[in-house]
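A quick write-up on the structure given underneath.
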Amino acid sequence: MTGTGIRMSEDGAPALPDPAAVDPVVLATLLARHGWVRRGGPTARYGRWTPPGDTDPDTSLLVPAGGGFDDAVDLLADAVTALSRSRSPSARSILVALTVPGDEIQWRRDVPGVPGAVPWAGDEELRRAARAMLAAAAKAGRTRAAYFGARLDGFAGAFVERALVVAPGAGVGGLTAYTPAPEGRAAVTTLVRALEALRDAVDYRRVSGGLEAFENAVQTGVSRELVDAVQQLVRGSTAAQVSVAWSAAVGTPGGFGDRRITLEFSPGDLPALEEAAALLERIEPAVQVTVVGAVVRLKRGGPAGPGSVRLRVLSGAEVAEVRVRLEDRAYRLAAEAHLAGAPVQVSGRLERRGGFRRLGHPRDLRPVRLEEGERERLLKTLGEGDGE
């Protein structure tokens with residue numbers, strides 16, 4: 001995830017949105033979502049909005065029903081300024097949602113200790129858990145698996161880097177991120193359904209003692225990685241929750257209501273989550289693959305006999321690299337390909353052990369011929385990768 005992900009003003013606060021770019025319908029949706037109260041009839045050209053409860057009795061916003069009125073931009077400028085000065089806790093969240101496009105995901109964990117304070121380690125754990133959860137959701141949004149290991153790491157990493165983090169997040173002990181919408185919707189809708197299924201499976205385990213609900217939940221997007229992320233979020237806390245609010249500008253995805261979705265987990269869930277993690281890794285089968293890869297490492301104990309090679313995968317498997325143990329003849333072929341700057345093709349079983357980074361039972365290894373231009377591009381790519 002990026003740092004703050006949004007443009008900041010000189011005093012460190014989020015820069016205010018351009019009133020001319022604010023959609024009054026989106027602003028009204030956000031105000032209603034955060035509990036602000038609209039005064040005036042439903043058909044009125046303007047609505048006056050006041051904060052929920054008594055949080056800021058001196059603030060009210062006059063928001064046009066649409067952008068077609070002559071004074072719409074002026075009124076929106078006044079509304080944005082009033083929000084920036086409001087003491088209502090939700091005002092900042094509304095401004096950020098207007099500034100940052102995307103679906104909003106919040107993580108929160110309560111930790112024992114001084115109320116209103118979180119240790120440094122607790123904040124770091126929260127960020128790690130959030131990153132892991134987004135990565136698991138991105139992978140499951142692409143395809144379902146009980147255990148991914150290193151598969152789809154590049155795809156998930158790119159998705160996480162597009163998420164925009166808002167500091168300080170959802171208050172003390174909280175973190176807020178915005179994911180691209182609608183292009184990132186597959187990951188977020190999968191995350192919601194998977195967390196709901198995981199919550200149900202944990203409850204079923206605690207009541208009945210059965211683990212089958214975890215296996216069934218794989219089809220919704222539950223994976224070993226998601227379970228691990230929830231454990232990271234919960235461990236060391238007194239309570240934890242994940243909530244999602246859909247982008248008001250993009251609208252609600254099909255099958256979901258226009259409301260904030262909140263899932264809660266607690267330390268009492270950890271024994272069931274630990275059992276689920278072990279089960280999900282155990283049931284994921286090895287995968288038969290034929291990969292084409294560049295030989296980047298060779299190692300064996302002497303001038304002859306078997307040895308190990310590492311391949312940077314170019315095609316055939318959704319992992320960046322695999323390790324392969326080869327017999328003497330295949331090892332020599334791999335070494336020759338390495339010296340010639342040519343990739344090799346090899347078939348085998350991409351094994352669960354080691355996170356699907358190992359190719360077991362290799363066979364039919366052979367060099368792959370490349371045209372001179374393709375060979376030069378490959379060597380350049382390998383050189384850039386080694387410098388990372």
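The values are calculated or read from the model by the stated rules, or taken from the named source; none is laboratory data. Predicted, not measured: the structure shown is a model, and the values here were computed from it. In this analysis, Cβ positions are derived from the backbone assuming ideal geometry, glycine residues included, and neighbour counts consider all displayed protein chains. For accessibility, only protein heavy atoms count, side chains too; no ligands or nucleic acids. Shrake-Rupley method; radii C 1.70, N 1.55, O 1.52, S 1.80 Å.
Where the second residue is open to solvent by 30 Å² or more (accessible area, probe 1.4 Å) and assigned to a helix (DSSP H, G or I) and the first is under 15 Å from VAL292 (Cβ atoms) and lies in the stretch 325-343, which pairs have Cβ atoms under 6 Å and are six or more apart or on separate chains? So the pair list comes out as GLY341/ARG375; GLY341/LEU379. Whenever a residue of the stretch 251-264 is farther than 14 Å from ALA194 by Cα and β-branched (Val, Ile, Thr), its partners that are in a loop (DSSP other than H, G, I, E, B) and open to solvent by less than 80 Å² (accessible area, probe 1.4 Å), lying with C-beta atoms within less than 7 angstrom and at least six residues away or across chains, give the pairs THR252/TRP246. If I filter the stretch 328-346 for residues that are in contact with an Asp or Glu (Cβ under 8 Å, 6 or more places away or on another chain) and at pLDDT 95 or above, do I get at least one hit? The answer is yes; a qualifying residue exists. Of all residues in the stretch 299-309, none satisfies the criterion of being within 17 Å of ARG349 (Cβ to Cβ) and either open to solvent by 60 Å² or more (accessible area, probe 1.4 Å) or at pLDDT below 95 (or both). SER315: at pLDDT 95 or above, of a type in the set (Gly, Ala, Ser) and over 30 Å from GLN232 (Cα atoms), yes or no? It is false that SER315 is at pLDDT 95 or above, of a type in the set (Gly, Ala, Ser) and over 30 Å from GLN232 (Cα atoms). Annotation for the stretch 99-106: at least one member residue is closer than 26 Å to PHE155 by Cα, open to solvent by less than 40 Å² (accessible area, probe 1.4 Å), modelled with pLDDT under 90 and touching a strand residue (DSSP E or B) at 6+ places or on another chain (Cβ under 7 Å). From the list GLN232, GLN241, which residue is under 20 Å from the mean Cα position of the chain (by Cα) and in a helix (DSSP H, G or I)? Criteria check complete, one pass: GLN232. Scanning the stretch 247-281 for residues that are modelled with pLDDT under 95 and surrounded by 20 or more Cβ atoms within 10 Å (Cβ to Cβ) returns SER247, ALA248. Note on the stretch 58-68: residues that are touching a helix residue (DSSP H, G or I) at 6+ places or on another chain (Cβ under 8 Å) and open to solvent by 30 Å² or more (accessible area, probe 1.4 Å) amount to 4. The residues in the stretch 316-329 that are open to solvent by 50 Å² or more (accessible area, probe 1.4 Å) and in contact with a Pro (Cβ under 9 Å, 6 or more places away or on another chain) can be counted, and the count is 2.
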